Every structure is written in C-alpha cells, then in structure tokens.
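Presented below is the structure to which this report refers.
Every number in this text was worked out from the coordinates using simple rules, so none of it is lab data. Keep in mind the model is a prediction, meaning the values are calculated, not measured. We place every Cβ from the backbone using ideal geometry, glycine too, and count neighbours over all the protein chains shown.
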Amino acid sequence: FLPQEVIRRKRDGQTLSAEEIHQFVAGITDDSVADSQIAALAMAVYFRGMELEENVALALAMRDSGRCLHWADLNLPGPVLDKHSTGGVGDVVSLMLGPLIAACGGFVPMISGRGLGHTGGTLDKLSAIPGYNPFPTPERLRQVVREVGVAIIGQTSDLAPADRRFYATRDITATVESIALITASILSKKLAAGLDVLVMDVKAGSGAFMPSMAASIALAERIVEVGNGAGVRTSALITDMSQPLASSAGNSLETTEAVRYLKGEERNPRLHAITMALCSEMLLAGGLAASEDDARLQLEQALDSGRAAEIFARMVAELGGPADFIEHYPRYLPAAPALRPVYAERSGFVAAMDTRALGMAVCALGGGRRLASDQLDYRVGLTQFVELGQWVAADQPLLLIHAADESGADEAARRIRSAISLSEAAPAALPLVYQTIH
Ligand code: URA
C-alpha cells in the first residue's frame, strides 16, 4: 500500500476502493501516513468529491479507528438514538432532548462536543455544573444509559482517533469545507456510539456552519445517504439559525434556560418548536411513536408530568453533579458581575441579525475558546434577545450583556450594536424547519 498512489488516483478523479480507504485511514491512525499526505488527500477529495460508496467506506473506516460502543448485550427495552446539530448560537436543544427521549422510552448515549468558533458546545454548557463529570468509564456510561435512559458525555481520545488527526490537518490546509469530509467526520463519531437512529439538525442562516442554504441541504442529503448506507436509520431537519435559537447564549445562562424549560418555568417558543420537531422525528424513526400526533402527545406528557425534568436531574446526579441541581440551580451557577443592556440607536423592526457575530461576542466575553487550552468563564453571555420581526423603540434594549467586568461589557456592546439591523418595514417571517430529509 502506497499512500501516494491513493492520493494520485483521487487527484485524477478515480473512485477509491473500500480497501484503499481503509488502509489510508489505518495509516492516519498509526502515524505511518504523513501529515503532508493527509493534506494532499484532503485537497484531492475537496476538488474531486467522493462517490456515495467511498463516503460510506471512509465514515466506517474512521469509526473503526477507535473504540465503538455496543448495546445489544444489555437487551435494552427500547432503541438507541441520538441527535446531532451542526452547531449554532443558543442551541441548547440537547439538554432537553436527551431527557425527553429517555422519558418516551428511548436510550440516548450522547457524545457531545466543546464549542467551536462562534458556536456553543453542549459539553461546555454541562461543564458549568459543579462536579459534572462528562468522562465516565465506558462501564459507568453503559450503566447510566441503561438506568436513567440518557447520558450526555464528552468525546474521549479513543473515539474515532483518525478523525482527530484528519480534522487537525484539514483545519490548517483549507480543506474543512468538503461535504464528503464533513460527512465522514461527523458520522465517524456518531456511528461509534452504536446508534439505531440518528437525527441531524443541519442549521441554515447567519449563525450556521454551512455558508448557504444550498450547502446546508447538500450536507444534510449526504449525511442521510451515508448514515443509512452505514446501517443507522438517519434523517435530517434543516432548521433556522438566522437568529439565536434560545433566549440566551453562554454556558451557565443556557444551562439555566434548559432547566427552566424542563421545569415549565419559561419556554422560548422557537426553542420549543425546534425541540419538539427533532424529538418527534426521533420517536417516529425509533418506532416509539405511531404518528406525529402520538409523538407530540408523548412529549407534552413527558414535560407536563415532570418526567423529563426528573430524568435530567438524575443524569446530573449520576454523573457527579449536585443531587438538588434543578431545585437550586441559581446556587450552583454563579452570575456574572457586570450586566449591561444594549440599546438600539433608533427605533425600527429587527430586520436581520449577524448571528455568527453574536456568537463571537460571547466568545470574546470569555464564554468560548480562541485556543483549545483557554479556560472558560461559564458566567458570561447574552440574554433577553429581541427577535427578528419585532418592533423595538429607541429606548428599548436589544439584549442584555453578562460580562466579567465593565470593560468586557463595553467591548461586547460595540460588537453587538452592528450585529443587529433595524428597518422601517417588518421583514418576512422565516420558517423554523425548512425541510426534512429522509
Ligand atoms: N464538525 C465535525 O465534527 N467535523 C467536520 O468536519 C466539521 C464539523
């Protein structure tokens, strides 16, 4: 096996065999393939793309580069399901969705990630909870999933290790933006969790990872094809990220919003609609609901009965967090010391938001990382966002900044004012779910 021959064939537009792909990925994992060769193959794939069969082989080879979870021996009385989002601002859905699906009879081993660029990460939001250990042993993880129905954890180094090296090389060689490579990267990690069902939430809009609606649809279609080709029932929703999804963005602030949602204290209607749409799709795909109406009814009951909130509380306690977290969350999540409303400079309708810039503002406040080694300030972020289409008066706040100090608040206020545009006329309302792809 010569890596340069595989690169040459892809460079010339030929189709790689599963064996060639497998050997190349094995070389990434055991370091016998050089960084320069990884970069060259990534660039060849960037320009030439991959056939569906090649893409399935790449996702499977990357999955098999590390440890995979198996559930069959536990004889769980329900399917193993997960949801994955391409990321956004105020996308705190996972914290509610995991417990909701567990309350409806599913089992959710959710391997979540840290924030990336302007997007928040589920793992960072949960890490705001004192004592929460997102890295249980594999045995402990299986126990929590079996007994509670859900465990939201972090990615350990033995999960799809080929992806870590591949992604690090792509990141510095302008080859992240390949649909085939993004698909294999995301799916390698999700396939390693041993799922029966995967529902993707592919975002579109100013806060999305993909740069256009067409690119979001193309990615969703490819992930659905490759996921199903790799043996996991996969579907995707294209959802709106033209504004933050929740009422807040920032780690403790979003964890607080999730707890308040589960307890019924406050539910942002857009966050609720997207959570319900994703959960319904999961229950239907997993055979846990007979119809969309049945799914919605089960989910409403899981919320109204307090079952979903109770499951969240148990997950937190089982993974080392406080046993009374959801009763006394303000005690455990310290507030930021500097609060600063940002006012519009004139009155008007909220016409557009640069959601990416809002996410970068949270990052600059200390809520996200610039370097992988950066420590987060869980307290900081933004709340009380105005919404697209809303009329705001000149003396009305666009949002509230939570900062570590006054100078951080000043800097965030400057960034934010230009990220929200007002106009004389109300903009057309956008759908929340643009499309569902099976
Ligand atoms: N997220 C991933 O996990 N992989 C990619 O390639 C891009 C985004």
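Sorting the segments 187-199, 136-148 by their residues' average number of neighbouring beta-carbon atoms within 10 angstrom, most packed first, yields 187-199, 136-148. Look at the dipole of the range 335-423 built from charges on Cβ: of SER407, ALA372, GLN384, the Cα furthest out on the positive end belongs to ALA372. With helices as the sole contributors, the chain gives -13500 deg cm²/dmol at 222 nm; each DSSP H run of n ≥ 4 counts as -39500 (n - 2.57), and the sum is divided by every residue. A simple packing score, the average count of other Cβ atoms within 10 Å per residue, orders the peptides 225-232, 93-100 as 93-100, 225-232, with the highest score first. The dipole here belongs to the chain: it is taken about the Cα centre, uses +1 on the Cβ of Lys and Arg and -1 on the Cβ of Asp and Glu, and is about 440 debye. Among the GluC sites (Glu not before Pro) in the range 379-431, those placed in a DSSP loop whose Cβ has at most 10 other Cβ atoms within 10 Å are GLU424. Enumerate the residues in the range 339-381 having an amide nitrogen under 15 Å from the point lying 7 Å beyond the Cα of GLU406 toward its Cβ. Within reach of a label on GLU406, which here means backbone N under 15 Å from a point 7 Å along Cα→Cβ, the range 339-381 contributes 339-341.
Summary of the geometry: the range 415-429 and the range 109-142, compared by the centres of their Cα atoms, lie 34 Å apart.
Estimated at 0.36 nm per residue, the fully extended path between ALA72 and ARG417 surpasses their Cα-Cα distance by 118.9 nm. Spin-label model, ALA426 to TRP391: label points 7 Å out along the Cα-to-beta-carbon direction sit 0.9 nm apart. Bridges between two residues of the chain, per DSSP, are antiparallel at a rate of about 55%. The three principal axes of the C-alpha atoms in the chain carry coordinate ranges of 67, 46, 40 Å, sorted with the longest axis first. Extension gain for ARG8 to GLU51 (0.36 nm times residue separation, less C-alpha to C-alpha distance): 13.8 nm. The equivalent ellipsoid of the range 1-95 has semi-axes of 31, 18, 13 Å, largest first, where each one is the square root of 5 times an eigenvalue of the Cα gyration tensor.
Estimated at 0.36 nm per residue, the fully extended path between PHE1 and GLN384 surpasses their Cα-Cα distance by 132.1 nm. Its alpha carbons considered, the range 72-318 gives a radius of gyration followed by a Dmax of 16.8, 51 Å.
Where does helix 138-148 land angle-wise versus the long Cα axis of the chain, in degrees 0 to 90, nearest 10? Roughly 50 degrees, rounded to the nearest 10. Its Cα centre serving as origin, the range 72-318 has a Cβ charge dipole (Lys and Arg +1, Asp and Glu -1) of approximately 460 debye.
At q = 0.26 Å⁻¹, what log₁₀ I(q)/I(0) does a Debye calculation on the Cα points of the range 335-423 give, no solvent, two decimals? Normalising to I(0) and taking log10 leaves -1.29.
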